[in-house]
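Please read the structure below before turning to the comments.
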Amino acid sequence: MTRLPDPSQTLTDASEEQRVSRLLTGLSAMAILFLLGIGAKAWFATHTTHGGTLWFFAALVATNMLAYSRNGNRQQQKVGMIAIVGLLFGYLIITGGESNTGPLWFYVFPPLLFYLTDLKTGTAVLLFCCLLTVVVFQFPQLPLVTAEYTTDFKIRFFATLTFESIFCFVLEASRLKARNELMAMARAHEHAARTDELTGLSNRRDIQHRLNEEYSRYRRSGHHFSIALIDLDLFKHINDEYGHDAGDDVLRRFSELMQAAIRQTDVAARWGGEEFLILLPDTSLLQALTLAERLRSEVASAEFTFAGKRLPITISAGICSIAKAGSVNELLKLADIHLYNAKEDGRNRIAPRVRTITTEPAKPRIHA
């Protein structure tokens, strides 16, 4: 039986991506204001090169925002933001910014990095940036490096940065673990809400939803579908004669036979009690009758046993195509009428009737 894609997982992932994008948009706007403001301060303090560079980075952030607003590519937005921030902090470490305080802005990087990437990627990027910082600190004579830092500043900087990075890693790992546990619980509850506990088939709520979706698809594109409403004959006798454990075993065994008989695109459900319903997408009435007849024949010839005793199990079914109905409710009502007719005609049969073409001589059928 084919399951629909997990809706809770899909919706949560989309919601998470939207939250990240909104956060990035807000952070980008704040970064532009800060860069413009600090750049103006540096410019009027005669640090024109530094001020112009900060304005250049503000322009890069604005360009990244504009690109996202046009193409809506969230991955590109995240990668662009990380790259711009990484380059900015690299510039601040190399030049020292104003009064050699540029490296202090690096503390913003770990939480942002771990939030926008996975833990492995974030750790790798952070280690690479730290390695470059070590190179700059240890070799101030390198080209483009214009800042020199005291030994005390270097020790304090790396000690506090290491603590912050580990702290951010642990917090993000805990957040992801809690999120995954909540998602697992949501999926379990969603599965339980649309699955019959005894048979593992779709329950009535789920199959009703699928019927409505299939009917909407039929109205949009004209794809016909059919249903088979199935009832186990004289099932009350099984419960009364052999006990409810035997009845439960029969329901599970029949469910397995039914799932083996249908296609992957079909959906089998427990409609209620000993009644089952099969949704057959892209299936005409004749095709549905043929499948139901094949299932009836397999059930009639299968051996149902419990506690060493063979149980007499047969089924009756009512088949209907959406071409014969004007709504889902009418479709179900017609299938129920056909099922009633099959019961009235002696059980162990399909209604409307269809003959199975075989190469073997037909055997007389004994009705329960």
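The values are calculated or read from the model by the stated rules, or taken from the named source; none is laboratory data. These figures come from a predicted structure and were not determined experimentally. Note that we place each Cβ from the backbone using ideal geometry, even for glycine, and neighbour counts take in every protein chain shown. For the accessible areas, the whole protein counts, side chains as well, though only heavy atoms, and no ligand, DNA or RNA atoms are used. Shrake-Rupley method; radii C 1.70, N 1.55, O 1.52, S 1.80 Å.
Observations on the model:
- Among residues of the range 213-246 being open to solvent by less than 60 Å² (accessible area, probe 1.4 Å) and on the phi > 0 side of the Ramachandran plot, the one that is modelled with the lowest pLDDT is Gly222.
- Being assigned to a loop (DSSP other than H, G, I, E, B) and either of a type in the set (A, V, I, L, M, F, W, C) or open to solvent by less than 50 Å² (accessible area, probe 1.4 Å) (or both) is true of Ala147.
- Options Arg194, Arg187, Arg253, Arg210: the member that is of a type in the set (Lys, Arg), surrounded by 15 or more Cβ atoms within 10 Å (Cβ to Cβ) and touching a Phe, Trp or Tyr at 6+ places or on another chain (Cβ under 8 Å): Arg253
- Any chance Leu176 is closer than 30 Å to Lys120 by Cα, out of contact with any helix residue (DSSP H, G or I) (no Cβ under 6 Å at 6 or more places or on another chain), open to solvent by less than 60 Å² (accessible area, probe 1.4 Å) and of a type outside the set (Gly, Ala, Ser): yes
- Checking each residue in the range 114-133 for being open to solvent by less than 60 Å² (accessible area, probe 1.4 Å), within 18 Å of Gly80 (Cβ to Cβ) and in contact (Cβ under 8 Å) with a residue 40 or more places away in the chain picks out Phe114, Leu116, Gly122, Val125, Cys129.
- Looking only at the range 230-262, and only at residues there that are out of contact with any Pro (no Cβ under 9 Å at 6 or more places or on another chain) and part of a loop (DSSP other than H, G, I, E, B), the one that is nearest to Pro281 (Cα to Cα): Ile262
- Of all residues in the range 256-274 being touching a Leu at 6+ places or on another chain (Cβ under 7 Å) and among the charged types (D, E, K, R), the one that is surrounded by the fewest Cβ atoms within 10 Å (Cβ to Cβ): Glu274
- Evaluating Met65 against the criteria (1) at pLDDT 90 or above; (2) out of contact with any Ser or Thr (no Cβ under 6 Å at 6 or more places or on another chain) leaves one unmet condition, (2).
- Verdict on Leu201 being farther than 30 Å from Pro352 by Cβ, touching a residue at least 40 places away in the same chain (Cβ under 8 Å) and aliphatic (A, V, I, L, M): no
- Options Thr195, Thr117, Thr95; residue that is of a type in the set (S, T, N, Q), touching a helix residue (DSSP H, G or I) at 6+ places or on another chain (Cβ under 8 Å) and within 30 Å of Val267 (Cα to Cα): Thr195
- Residue in the range 220-229 that is closer than 26 Å to Leu332 by Cα, in contact with a Pro (Cβ under 8 Å, 6 or more places away or on another chain) and among the hydrophobic types (A, V, I, L, M, F, W, C) present: yes
- Residue that is most open to solvent (accessible area, probe 1.4 Å) [pool: residues in the range 296-321 that are charged (D, E, K, R) and within 15 Å of Glu256 (Cβ to Cβ)]: Glu303
- Yes/no for Thr162 being open to solvent by 80 Å² or more (accessible area, probe 1.4 Å) and among the β-branched types (Val, Ile, Thr): no
- Search result, residues across the range 279-295 that are touching a Ser or Thr at 6+ places or on another chain (Cβ under 8 Å) and open to solvent by 20 Å² or more (accessible area, probe 1.4 Å): Asp282, Ser284, Leu285, Gln287, Thr290, Arg294
- Failed condition for Ala59, given (1) under 15 Å from Leu24 (Cβ atoms); (2) out of contact with any helix residue (DSSP H, G or I) (no Cβ under 6 Å at 6 or more places or on another chain): (1)
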